[in-house]
Amino acid sequence: MDAEQYFTNLVLAAMVDGKLDEAERVLLEQHAENLRLTSEQAQTILNKVYSKELTEFVKPQSPEARKAAFRAVVRILRADKVLTGKEQRMIKLLGHHMEIPDEKIDAALGPKWDGGK
């Protein structure tokens, strides 16, 4: 999976509740930097997700990549310290889609989530 698709997955997850708050935006910016995306590339992806031009979440192939993507998505969704109902459903659906064990999904939804370590 290339960096742009990975970032698209993160943006799609962050936007599941229909908004992008400041904490989520900061984490996305950090991910864009880590993925070596330019600010223009990141903004283009954000705009395409906002406009619903990009809507497909792509499943990483390796189990390690799926686990890393799941952890990254959960960190972004939990960034504002509130998990909305839509965000909780997203974590459950994504976890199952990414073949994450149920106990890890439950932990991601719990109040004492440790970052998926």
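The values are calculated or read from the model by the stated rules, or taken from the named source; none is laboratory data. What you see is a predicted model, and the numbers here were worked out from it, not measured in a lab. Positions of Cβ are generated from backbone atoms using ideal geometry, with glycine treated the same way; all protein chains shown enter the neighbour counts.
Entry remark, segment 67-103: residues being touching a helix residue (DSSP H, G or I) at 6+ places or on another chain (Cβ under 7 Å) and basic (Lys, Arg) number 3 in total. Take the conditions (1) under 29 Å from residue 107 (Cβ atoms); (2) without any contact (Cβ under 8 Å) to a residue 24 or more places away in the chain; residue 16 misses just one of them, which is (2). State yes or no: is residue 8 β-branched (Val, Ile, Thr), modelled with pLDDT of 90 or more and either surrounded by fewer than 17 Cβ atoms within 10 Å (Cβ to Cβ) or in a loop (DSSP other than H, G, I, E, B) (or both)? So residue 8 does not fit the description; no. Taken over segment 44-92, the residue count meeting the criterion of being among the small types (Gly, Ala, Ser), surrounded by fewer than 13 Cβ atoms within 10 Å (Cβ to Cβ) and under 19 Å from residue 106 (Cα atoms) is 1. The lone criterion from (1) part of a helix (DSSP H, G or I); (2) modelled with pLDDT under 90 left unmet by residue 20 is number (1). When segment 60-78 is limited to residues that are more than 11 Å from the chain's Cα centre (by Cα) and assigned to a loop (DSSP other than H, G, I, E, B), the one that is farthest from residue 114 (Cα to Cα) turns out to be 61. Condition first: of a type in the set (A, V, I, L, M), surrounded by 13 or more Cβ atoms within 10 Å (Cβ to Cβ) and closer than 18 Å to residue 113 by Cβ. Can you find one or more residues in segment 22-35 that meet it? So far as segment 22-35 goes, yes, one or more of its residues are of a type in the set (A, V, I, L, M), surrounded by 13 or more Cβ atoms within 10 Å (Cβ to Cβ) and closer than 18 Å to residue 113 by Cβ. Consider residue 92 carefully, then state whether it is in contact with a Gly (Cβ under 8 Å, 6 or more places away or on another chain), closer than 15 Å to residue 13 by Cβ, in a helix (DSSP H, G or I) and of a type outside the set (Val, Ile, Thr). Considered against the rule, which asks whether it is in contact with a Gly (Cβ under 8 Å, 6 or more places away or on another chain), closer than 15 Å to residue 13 by Cβ, in a helix (DSSP H, G or I) and of a type outside the set (Val, Ile, Thr), residue 92 comes out as no.
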